[in-house]
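Undergrad: Below you'll find the structure I mean.
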Amino acid sequence: MSDQLFDVEEVDEDRPVQEVGIESILHQLLDVMAAAKSMPLSSSVMVSRDEVVSLVQSALEALPDELRQARWLLREREEFMAERSREAEALMDEVRAQAEHMVQRTEIVRQANAVAQRILDDANEDARSLRHQAEDFVDTKLAGMEIVLDRLTRTVQAGRAKLAAPLVEAASGNEGAAAEEDGFFDQDKS
């Protein structure tokens, strides 16, 4: 009986699957579940198994891409920080060399140190900002996935509860009396 529920709708092979983020795929999956047709005289719905499986597979395939993007951002941040540190070190070495040649000119040395420190502070601030942006990006993506997965889990649990309710009522009802009256033999209860 459950196979009949899934075979009602066919997947349209010609319909283009948008290759966007996992969040969009999960939204499509929620839309499929929300738009599912109700079965007559039942609270159950009919969902195309192929379409749901296709969307879940697309989500699983998109997940590594999103993680790869996050890793790329983190690697870019590390490279940026390393480059800024090298630039700052090069500048500090240059300032030290100039300071040795111009010991008498303390004002120039002081200004060079101030410029070097400002550049180093700017580099550290830029690196900190990039790190926060990368962390915010990853956190936003994960939070979005968490929300969508939570909704999907609640939808699936509600659907399973609706499917299980008639079975529980039938199992707890006058099962023995009905079997004796109708002469029905339940092979699962042997």
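Undergrad: Grab the alpha carbons of the range 108-163, take their convex hull, and tell me the volume per residue in Å³. Walk me through the numbers on the way to the answer.
TA: Working: hull volume 1.8 nm³, N = 56.
Dividing the Cα hull volume of the range 108-163 by its residue count gives 33 Å³.
Undergrad: Pull out the extension gain between residue 50 and residue 82, defined as 0.36 nm times the separation in residues minus the alpha carbon to alpha carbon distance; nm, one decimal. Before the final figure, lay out each step's value.
TA: Values: separation 32, 0.36 × 32 = 11.52 nm, distance 4.82 nm.
Full extension from residue 50 to residue 82 adds 6.7 nm.
Undergrad: Hey, another quick one. Go through 74, 108, 92 and say which Cα lies farthest out towards the positive end of the charge dipole of the range 71-110; charges sit on Cβ, +1 for Lys and Arg, -1 for Asp and Glu.
TA: So the residue we want is 74.
Undergrad: Take the alpha carbon atoms of the range 35-61, find their center, do the same for the range 110-137, and report the distance between the two centers in whole angstrom.
TA: A separation of 51 Å, based on Cα centres.
Undergrad: Another question, then. Could I have the simple spin-label model distance between residue 89 and residue 107, label points 7 Å from Cα toward Cβ, reported in nm to one decimal?
TA: Here the answer is 3.4 nm between the modelled labels.
Undergrad: While we're here: Show the residues, 5+ positions off or on another chain, whose built amide H is closer than 5 Å to the amide H of residue 45.
TA: Placed amide hydrogens put 39 under 5 Å from residue 45.
Undergrad: Output wanted: per-residue J couplings in Hz (rounded whole) for the range 69-77, from phi through Karplus 6.51 cos²θ - 1.76 cosθ + 1.60, θ = phi - 60°, x for Gly and Pro.
TA: Each residue of the range 69-77 in turn: 5, 5, 5, 4, 4, 5, 5, 4, 4 Hz.
Undergrad: Near the amide H of residue 21, under 5 Å away, which other amide H atoms are found, from residues 5 or more places off or on another chain, if H is placed in the peptide plane?
TA: The list, which skips near neighbours in sequence, is empty: none.
Each reported figure results from applying straightforward, stated rules to the coordinates on display, with no laboratory input. Model, not experiment: these values are computed from the prediction. Counting neighbours? That spans all protein chains shown, and the Cβs are built from the backbone with ideal geometry, glycine included.
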